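Shown next, in structure tokens, is the structure this report addresses.
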Amino acid sequence: MSGGLEVCLILVSRTFYVLTQAMTLYYHEQEETLERNELEGLQLAKLQRLLCEVIKTNPFYQAKLGNIQPAAISSLNELRSLPFTTKDELVADQEAYPAYGSNLTYPIERYSRLHGTSGTSGGRVMRWLDTPESWDWIMKCWGIIYRAIGLKDADRIFFPFSFGPFLGFWAGFEGAARLGNMVLPGGGMPSAARLKFMIENEATVIGCTPTYALRLAEVAAEAGIDIAASKVRALIVAGEPGGNIPETKERIETAWAARCFDHTGMTEIGSLGIECVEDRGNTHLIASECIPEVIDSDSGEPLPEGDLGELVITVLGRWGSPLIRYRTGDRARLTYEKCACGRSFPRMLGGILGRQDDMMFIRGNNIYPSAIEALVRRFPEIIEFRMQQMIQGSLNSLKLEIEPKASVEDAGSLAAAVRDAVRRQFNFRPEVEIVAQGALPRFELKARRLVK
Ligand SMILES: [Zn+2]
């Protein structure tokens, strides 16, 4: 072989190696690793394309935005001149124009997918339609998510739940299949059967809620199944806090001997948040596909980077059912400091830190249920719990029901220890009630531990 040809072959094989490595690390390397100013340029270009498309035919945003000229939005700062979109507005719109509302950019025949919100917070279910193009965009987001958690070709992903109208199930499932991974549907069977199915099919990654990851671990322990010795190496958890509560995450990781990644999304905004392999505890927002803002909930004004406020999202790729400046009701703080994974996407420090609606006010303290969960999870003797804010005149208090493991002999001491831990951390004494084995509900989907 001539020297020139040899060098050429080496270069080609090296290039191929570098490319395949990059393909595994990233889904869309160029968009994921832009400098911040380039990222903002990309967001602006996508925003203008979105506005051009939406303003022509979408009745909901035509009414909201009036005669806006997309070209007039020439910087991300000018995005702030546009009004917010709220969930109440969307729900009212769907009630006024049943069944799907007027936030539709195209004729109804163009839509091929229906999903819906769970209705757990407000009790009202919201329907959401997608065109094939919007669905492809959601698949792109999942490509980015799976690469961020280090998904490899050989990974097999298990989805242990019945597939309802929740977007996340279908999107995560199909997103993995599009990458060519084996996907394992685990609906329509009890938890013990799911564990058997998971082991027989050699699942390596599980997608579920944090609560259900713990529930499966509980069932495995009862059935004598050693899940720590299974092939599962990672769990992607979503749908509720937990993946970002260090105490809950640690409990999941210990039980499964696997890494637990926090993922965030909503049926109406899509799947936009993921913790990457390099940065444990903080959750990226896929900012090539959305524009995140953090605002003061009362004034609506933008907050400086790093301040805690309400997360507002403009969804850039879902033209069929868009959301512009959507107030998510989630509390978060963002950093744009570049991550060790190389992505320039901002990170929510500590993930989503709470929901506005769930904040409790007890004895002078603003407390999110996730703070109580973090405290309770420090007690390995407690298998399940539930909380309720008690209104007693002007002094609210907290009632905590705790279900100890069967092995706990002195439940009274456990209750006293929990009471004491709450008092030390939050300066009030909760009412702690020990309940019988199995008395508290177990959840497959979104857990409801805050009784309202
Ligand atoms: Zn990262």
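Any read-out appearing in this document is the output of simple, stated calculations on the displayed coordinates, not a laboratory observation. Since this is a predicted model, take the numbers as computed values, not measurements. Cβ coordinates were reconstructed from backbone atoms using ideal geometry, including for glycine residues, and neighbour counts include every protein chain displayed.
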State the antiparallel share, in %, of DSSP beta bridges confined to the chain, rounding to the nearest 5. 65 percent
Can you pull out the GluC sites (Glu not before Pro) in the range 377-452 whose DSSP state is coil and whose Cβ has at most 12 other Cβ atoms within 10 Å? Glu409
In Å, what Rg and Dmax follow from the Cα atoms of the range 130-356? 17.3, 54
Reachable lysines from Lys64, Cα under 26 Å, same-chain residues fewer than 8 places away excluded? Lys46, Lys56, Lys87
Show the residues, 5+ positions off or on another chain, whose built amide H is closer than 5 Å to the amide H of Ile236. Ile206, Gly207, Cys208, Phe261
Hand me the chymotrypsin sites (Phe, Trp or Tyr not before Pro) from the range 163-219 located in a DSSP loop with no more than 15 other Cβ atoms within 10 Å, in residue order please. Phe163
Among Ser102, Ser288, rank each residue by its count of other Cβ atoms within 10 Å, from fewest to most, as a rough exposure measure. Ser102, Ser288
Amide hydrogen neighbours beyond the local backbone of Glu384, cut-off 5 Å, H modeled: Glu403
Taking 0.36 nm per residue of sequence separation and subtracting the Cα-Cα distance, how much length would be gained by fully extending the chain between Ala99 and Ser299, in nm to one decimal? 68.7 nm
State which helices in the chain qualify, where a helix is a whole DSSP H run, it must extend 27 Å or more along its own axis by its Cα atoms, and its mean Kyte-Doolittle hydropathy must be at least 0.0. 3-25
Per its Cα gyration tensor (rounded if a/c is under 1.5, else prolate when a/b beats b/c, else oblate), the chain is best filed as oblate
Given unit charges at Cβ for Lys, Arg (+) and Asp, Glu (-), the dipole magnitude of the chain about its Cα centre in debye, nearest 20, is 420 debye
Under-5 Å amide H pairs with Gly351, H placed in peptide plane, nonlocal only: Thr283
